[in-house]
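Remarks on the structure that follows.
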Amino acid sequence: MRTSAVCIRDKTGKRYWNTTCSTAYIDPEIRNMQRRLDAAARNPERYGFLDLATAVILVNDMPYQVTSETDAMSDNELLKALGL
């Protein structure tokens with residue numbers, strides 16, 4: 001089984017919410033990290049330790065980039081877009 005390390009890092013270089021998961025389950029982990037960033041944007045006083053302007057999701061120490069519009073969609077949004 002192959003594994004991937006997923007975390008959030010900001011300009012300070014500190015890693016937040018480190019997790020290791022199977023590559024088969026990496027998409028839900030990335031969505032969880034994105035939810036954390038969204039929560040930080042909505043509640044900056046609770047997440048004062050995180051520099052939101054420079055925070056990035058890392059997968060195996062490489063910045064995660066959304067490759068298409070559908071990659072950023074939740075499962076329900078994708079099913080709705082497909083008309084299912």
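The values are calculated or read from the model by the stated rules, or taken from the named source; none is laboratory data. Bear in mind the structure is a predicted one, so any value in this text is a computation, not a measurement. When we count neighbours, we look across all protein chains shown, and the Cβ atoms used for this are built from the backbone with ideal geometry, even at glycine.
Quick notes
- In the range 29-77, residue nearest to R9 (Cα to Cα) [restricted to those that are modelled with pLDDT under 90 and in a helix (DSSP H, G or I)]: A72
- Scanning the range 1-28 for residues that are part of a strand (DSSP E or B) and either under 10 Å from the mean Cα position of the chain (by Cα) or of a type in the set (F, W, Y) (or both) turns up V6, C7, I8, Y16, W17.
- Residue that is nearest to G48 (Cα to Cα) [pool: residues in the range 6-33 that are of a type in the set (A, V, I, L, M) and surrounded by 15 or more Cβ atoms within 10 Å (Cβ to Cβ)]: I8
- Look at (1) farther than 18 Å from Q65 by Cα; (2) touching a Ser or Thr at 6+ places or on another chain (Cβ under 6 Å) and you find that K11 fails only one, number (1).
- Every listed requirement among (1) surrounded by fewer than 16 Cβ atoms within 10 Å (Cβ to Cβ); (2) under 12 Å from the mean Cα position of the chain (by Cα) is met by A41 save one, (2).
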